[in-house]
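Notes for the one structure printed next.
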Amino acid sequence: MQEFFENVSRYPRYLISFILGTLLVAFSPLLPLFKRPVTAVAAIGFLIAGFAFIAFTLRAMLALDAV
């Protein structure tokens, strides 16, 4: 039984490392864009617009704004 709990206690560390690794792989191609101010502003604008698009789409699909 001790081995079971020892094994289960490893999963949160695996989850954190998996999420950090995925974010690193996803955002590493974007890092050169942040070296120049003009492209940094454009990249931040596109990221905010993308998150807003996803949020508005999910709200419409799930009817969260309907009263």
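Read-outs: derived from the displayed coordinates by stated rules, not from any lab. Everything quoted here is computed from the prediction, not taken from an experiment. A quick note on method: Cβ atoms are made from the backbone with ideal geometry, for glycine too, and the neighbour counts reach across all protein chains shown.
Simple spin-label estimate for LEU58 and THR22 gives 1.3 nm between the two label positions (7 Å along the Cα-to-Cβ direction from each Cα).
Once the chain from LEU30 to SER9 is taken as fully extended at 0.36 nm per residue, the excess over their C-alpha distance is 4.2 nm. Normalised size of the chain, defined as Cα radius of gyration per 2.2 N^0.38 Å with N residues, equals 1.76. In this rough spin-label picture, where each label sits 7 Å from Cα along the Cβ direction, the THR39-MET1 distance is 5.9 nm.
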